[in-house]
Amino acid sequence: MGCSAIMKLILAVLVLVLLVETQAQWHRFPGQAVGGTKDMWRSYRDMRQSNWKNSDRYFRARGNYDAAKRGPGGRWAAKVISDGREFVQGITLRGNSDADHEASRWGRNGGDPNRYRPKGLPNNDARQAVQGFGNSGCGKSDSTADQEANRWGRNCGDPNRYRPKGLPKNSAIMKLILAVLVLVFLVETQAQWYRFPGQAAGGAKDMWRAYRDMRQANWKNSDKYFHARGNYDAAKRGPGGRWAAEVISDGREFVQGITRRGNSDAAADQEANRWGRNGGDPNRYRPKGLPNKY
């Protein structure tokens, strides 16, 4: 069997795997979204419990990182929740939106959340140490005061006994905003679930178009540009397109590894793939003189 026949067989298998996996990911999407939501909530809860100075970006990155590991649904849920949270904070004029968004994107794109971890933050396995922190950050002694406040509220005591001076009375507005965001999230999860196969098909077309243009152009040192461009165009379609780009990119590198073509440059190719898939400008890899039509 010639090399050409082997390549065709491998590509046929990859296409079959892509079709089967698209169907599987379609069914997994809602569960991944729910799991990603739990990861984001867990991160927020831990941030509130630890009440550690300058830890907010670490917990944002961690929540997005854990959610994105679940798959396209988890990554999408993390993005929606992060964007919604920044929207709410923009209304209430709290926080540094640009820096927060950067931390969220870092975690969502697979970056190590420990980049933002503040010194001294208790380790996750030290569960008791984390739970010992209350709202004033005074450790175990403050936990007793928290329990007293909990009992006061459970016994129908007026919560305003503990209300700090100057706290904005916008609770009703915040609840309304959060209720709207939850409703939008639920509706969008359903919508994204139906869009996923179409996004995956469109992403596969974008990847094929980039490959076709690369073959037509036949331009020296242009392969990484076309890799990045295909991934960039596919990811713009949504979770399904991003997922298809990742599967096709990994499959292509696998085939090149078997045929021993371009294997030495595989790491650089994958870097270009990730750059485009994560929203980076493909022109970072564009070689000089490449015709504008590409």
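The values are calculated or read from the model by the stated rules, or taken from the named source; none is laboratory data. Owing to the predicted nature of the structure, the values given are computational and were not obtained by experimental measurement. All Cβ positions, glycine included, derive from the backbone under ideal geometry; neighbour counts span all protein chains shown. Surface areas here come from the heavy atoms of the whole protein model, side chains and all, with no ligands, DNA or RNA. Shrake-Rupley method; radii C 1.70, N 1.55, O 1.52, S 1.80 Å.
Data table
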read-out	value
Residues of the stretch 36-74 that turn out to be on the phi > 0 side of the Ramachandran plot and open to solvent by less than 10 Å² (accessible area, probe 1.4 Å), as a count	0
Some residue of the stretch 20-35 being at pLDDT 85 or above, open to solvent by less than 50 Å² (accessible area, probe 1.4 Å) and in a helix (DSSP H, G or I)	yes
Only listed residue being outside any loop (DSSP other than H, G, I, E, B), surrounded by fewer than 19 Cβ atoms within 10 Å (Cβ to Cβ) and among the small types (Gly, Ala, Ser), chosen from ALA245, ALA272, ALA267	ALA267
From ARG209, ARG242, residue being touching a helix residue (DSSP H, G or I) at 6+ places or on another chain (Cβ under 6 Å) and either of a type in the set (Lys, Arg) or at pLDDT below 80 (or both)	ARG242
The stretch 49-67 - residue that is charged (D, E, K, R) and touching a helix residue (DSSP H, G or I) at 6+ places or on another chain (Cβ under 9 Å) and, of those, farthest from GLY107 (Cα to Cα)	ASP56
ASN54 being outside any loop (DSSP other than H, G, I, E, B) and at pLDDT 85 or above	no
Residue under evaluation LYS224, criteria (1) assigned to a loop (DSSP other than H, G, I, E, B); (2) open to solvent by less than 90 Å² (accessible area, probe 1.4 Å), criterion not met	(1)
Among (1) modelled with pLDDT of 85 or more; (2) of a type outside the set (Lys, Arg); (3) buried (at least 17 other Cβ atoms within 10 Å of the Cβ); (4) more than 23 Å from ARG237 (Cβ to Cβ) - the single one GLU102 does not satisfy	(3)
